[in-house]
Structures are given as structure tokens and as C-alpha cells.
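Below you will find the structure I want to go over with you.
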Amino acid sequence: MGDYGKGMVRFANEGLDTIQSQTTGQQERYADIWAGVHNQLLGLIEDGKVDASIAGVLHERDEQFQREIGTFDDSVSGQNRAMRDVQTIGNEGGAAMVRAVGGGR
């Protein structure tokens with residue numbers, strides 16, 4: 001309860017914001033990594049340094065990655081929405097308690 005004294009409750013949601021921004025950053029990072037690997041491999045194929053038959057496998061793997069990243073991104077987006085909902089409920093509940101303690105103002 002710290003600075004809020006006895007009988008006071010504080011809803012702190014700063015940690016939720018941090019989790020949301022870190023998760024979004026991680027999503028961007030792994031997509032960037034895959035794009036770099038994908039482009040490098042395509043370049044090697046185009047330069048004849050890697051057998052062209054790998055292009056088909058690379059295309060299949062890229063499609064698989066895009067499908068799976070979409071599913072993961074949808075899941076993360078749902079989690080982020082849920083965290084925002086928790087923040088909203090906490091903030092609204094806290095404001096309602098303050099109004100109730102203040103006589104409904």
C-alpha cells in the first residue's frame with residue numbers, strides 16, 4: 001500500500017503497457033529476421049549459388065511461416081485486447097470507488 005496509506009487501494013497498470021509494447025516489438029523483430037533470411041536465400045538462388053530446386057521448398061516454407069505468424073499475431077492481438085480491457089476495468093472501477101468515497105461527485 002506504500003504511499004497510499006492504510007485502507008487505500010491502488011490499481012497500477014503500467015506493467016501491462018510494457019508487456020504489450022514488448023510483445024509487439026518481438027513480432028516485428030521475428031518478421032524482419034525471416035524476411036532477411038528469405039531474401040538472402042532468394043538472392044543465392046538467383047545468383048546460381050544454391051540449386052534452383054530449393055526455390056520451391058523456400059516458397060512452401062514462406063507460406064507456412066506466413067500462415068503461422070498470422071495465427072500467432074491474432075493470438076497476441078487478442079491478449080493485448082484483453083490486457084487493455086483489464087486496464088479499462090481497473091481504471092473505471094478505481095474512478096467509481098473515488099466517486100463513491102467522495103459522496104458521488
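Which residues, counting only those in segment 18-63, are among the acidic types (Asp, Glu) and exposed (fewer than 14 other Cβ atoms within 10 Å of the Cβ)?
Glu28, Asp32, Glu46, Asp47, Asp51, Glu60, Glu63
Can you name every residue in segment 64-84 that is open to solvent by 90 Å² or more (accessible area, probe 1.4 Å) and either part of a loop (DSSP other than H, G, I, E, B) or within 15 Å of Asn13 (Cβ to Cβ) (or both)? Even if it seems obvious, please write down each step before you answer.
We begin by selecting, within segment 64-84, every residue open to solvent by 90 Å² or more (accessible area, probe 1.4 Å); these are 66-68, 71-72, 74, 79, 81, 84.
Across segment 64-84, the qualifying residues are Gln79, Arg81, Arg84.
Report every pair of residues separated by at least 6 positions or lying on different chains whose Cβ atoms are under 9 Å apart, first residue within segment 80-99 and within 28 Å of Gln27 (Cα to Cα), second part of a helix (DSSP H, G or I) and among the hydroxyl-bearing types (Ser, Thr, Tyr).
If the second residue must be part of a helix (DSSP H, G or I) and among the hydroxyl-bearing types (Ser, Thr, Tyr), the pairs left are Asn80/Thr23; Asn80/Thr24.
A further question on this structure: Only one residue in Gln66, Gln27, Gln22 is touching a residue at least 24 places away in the same chain (Cβ under 8 Å) and under 18 Å from the mean Cα position of the chain (by Cα). Which one?
Exactly one of Gln66, Gln27, Gln22 is touching a residue at least 24 places away in the same chain (Cβ under 8 Å) and under 18 Å from the mean Cα position of the chain (by Cα), namely Gln27.
Still on this structure: Looking at segment 54-105, which of its residues are among the polar types (S, T, N, Q) and within 21 Å of Asn39 (Cβ to Cβ)?
Gln64, Gln66
The values are calculated or read from the model by the stated rules, or taken from the named source; none is laboratory data. Everything numeric in this text was worked out from a predicted model, so none of it was measured. Quick reminder, even Gly has a Cβ in these numbers, built from the backbone with ideal geometry, and neighbours come from all protein chains shown. Remember, those area values only see protein heavy atoms, side chains included, never the ligands or the DNA or RNA. Shrake-Rupley method; radii C 1.70, N 1.55, O 1.52, S 1.80 Å.
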